[in-house]
Every structure is written in structure tokens, then in C-alpha cells.
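J.: Got a structure for you, questions after.
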Amino acid sequence: MPTDTYESNASVAKELEEAINNDSTLVSAGKSVNVLWDGNNYQIVSKTSTNASSVNVSSITTALDTHLKFSSSLGGAASDSAKYRVKYTDAAWLGGTATAVNGSSNLVVASGDNTFQLSVDGTASGTVTLPAATYTSNGDIAAALQTAINADSNISGASKSVIVKWTGTAYKIISNGTSSQDISVTSVDSTIEANLKLTSTNSGSENDYSFDLYDGSGSGSDRSISLNDINFQWNSTDKNLSISRKLDTAPLHEVLYIRCN
């Protein structure tokens, strides 16, 4: 867990998730987790879609456990359920498969050739700049893209805004609008586009009427909150939402649905 001053529980969850998923042993075994913050507790959830999936915190430093409370002495315990929030998107732009960025493979963005333009709900942005920096995760890039877009004077002046979500393979730009929503990426400088893959040339396209997973508190746009083999389908005719998950070996799996008005 990186030494830092964290401003929110969601930020702690993000950094812990990245630290776990960057572990070389887990990477080699093809394993990964979500770290969720539900408003009261942290939870580490395996993404594996089998009945053999499990998570066990075998050791934790005292200082870290004082905050996370993962040890059994502080109330930590194994669980077979987790709460996710599903958000429906009317309008979004989904990029192509982007360069993976993590602790062992950083992305250095230099000044120059690091700008892009897009349209949000009919409002064309000015020239938006992805800040020059060394990025250590795709989630950090998503957060930087979101901040830069929402700071654009054309976008903010028209009372428009977006969420930029890292899906695990691509960047998804989601409109926060409630009417006439539409997102399109119109141009990206070639140097950053080589890694971001936002344009239609690199398989970027509209991704309207889609669903995304967030943790129970609603946070998590700047990281890949997902479960392997889960699918959402929306029938706009009869207003039915179906959630399904392919389970390789499990005969049954619990799905918890929470209605949010």
C-alpha cells in the first residue's frame, strides 16, 4: 500500500486494489480482485467466476489494519456476498483497447502532442490537455482525463460534465447530462493516442445504453470495477433489466439486487 495522504475512503480502496493487482505472483497466476468501499467497510472481492474463488488476508501491518480493519480481531471476516452498484449510461464514448499501465509499466506523458478535443451533449470543447506526468495506472489516467475535460471552459461554461471510467481494457467517457446526451471524440494528438486509443481509427465508438459496475458507495470510475463473465441487458420495450453471469463450475451463485430510487 503506497505511503500517502488519502483524501477519501474511495481513494484508499483504489490504491489498495492497484497494489494487490500489481503483485507479480497474482499477475502470473491470472488472478485479480476488486477492493470495494460500501460507505462503512472495505471488502476485497475475487473476480474469479467459480465456486473455488476465495480471498484471505493472511497478514497485515498494525498501522494499516487500524484503518482497514481486515484482521479478525478488528472484525474482518470471510464473506460470500458483495454489494455493487450498477449505473446505466444513456450516452458514452468507448475507446479501443488501450495500453495497460501499472506499477511495472508506467506511461510518461510529455508536454507537446498531448491534447485532444471532443463534443459533450452537443457542445464542442476547446483544446483539452492531458497533463504531462508519469502515470502509474490506467485509473490515474482516467481521473486526469476527467478533470481536464470538466475544466474546459466550453464544457463547463455550458454546464456539461463527464465521468471517465477505466473499464479494464479501455477508457469510457460518460455524459452526466439528463437530456440530449451525446459524446464523441473528434481528435487526439498522435503521441497520446498511441496509448489511449480513443479515436474511431483505433476502434473508439459510441457506447450508448450501456451499464457499468461501481462499488456500493457509487465510487470507482477511476478503476476497473468488474466481475469476470457478468453481463447486463436492457430491454427498452418492456423496461426489463437482466443480469447474468457465466459460472464455470459453480452450480449456484447469489445475486443481491438493491433498488435505488
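Rule-based calculations on the coordinates, nothing more; no lab input. All of these numbers come straight from a predicted model, not from anything done at the bench. Please note: Cβ atoms are built from the backbone with ideal geometry, for glycine as well, and neighbour counts cover all protein chains shown.
J.: Could you grab the Rg to Rh ratio for segment 9-84? Cα atoms only, Kirkwood for Rh.
T.: Rounded to two decimals, Rg over Rh is 0.93.
J.: Okay, next question. 5 Å is the cut-off here: which amide hydrogens, built 1.01 Å from N in the peptide plane, fall below it relative to D215, excluding neighbours closer than 5 in sequence?
T.: Hits under the 5 Å cutoff: R85.
J.: Assign unit charges at the C-beta atoms only (+1 for Lys and Arg, -1 for Asp and Glu), then state the dipole size of segment 1-63 relative to its Cα centre in Debye, rounded to the nearest 20. Mind showing how you got there, number by number?
T.: On the way: 3 positive and 7 negative charges, 59 e Å.
In total the dipole reaches around 280 debye.
J.: Still on this model: Rank A132, S104, A92 by how far each Cα sits towards the positive end of the charge dipole of segment 91-208 (+1 on Lys, Arg Cβ; -1 on Asp, Glu Cβ) and give me just the farthest.
T.: S104
J.: While we're here: In which sequence would I60, I183 go, from the one with the fewest C-beta neighbours within 10 Å to the one with the most?
T.: On the way: I60 16, I183 25.
By the 10 Å Cβ count, ascending: I60, I183.
J.: In the neighborhood of G39, defined by Cβ-to-Cβ distances under 15 Å, what is the net charge if each Lys or Arg adds +1 and each Asp or Glu adds -1?
T.: Details: positive: K69, K83, R85; negative: D38, D215.
Local net charge: +1.
J.: Just want the ordering: V185, V45, V120, from fewest to most Cβ atoms lying within 10 Å of their own Cβ.
T.: V45, V185, V120
J.: Further question: Starting with the highest mean, order 73-80, 10-17, 102-109, 128-135 by the number of other Cβ atoms within 10 Å, averaged over the residues of each peptide.
T.: 10-17, 128-135, 102-109, 73-80
J.: In Å, the Kirkwood hydrodynamic radius of segment 107-191 over pairs of distinct alpha carbons? Present the calculation step by step, with values, prior to reporting the outcome.
T.: On the way: mean 1/r = 0.0764 Å⁻¹.
Roughly 13.1 Å, rounded to one decimal.
J.: Which order results if T147, T61 are arranged by neighbouring Cβ count within 10 Å, fewest first?
T.: Working: T147 12, T61 9.
Fewest-to-most Cβ neighbours within 10 Å comes out as T61, T147.
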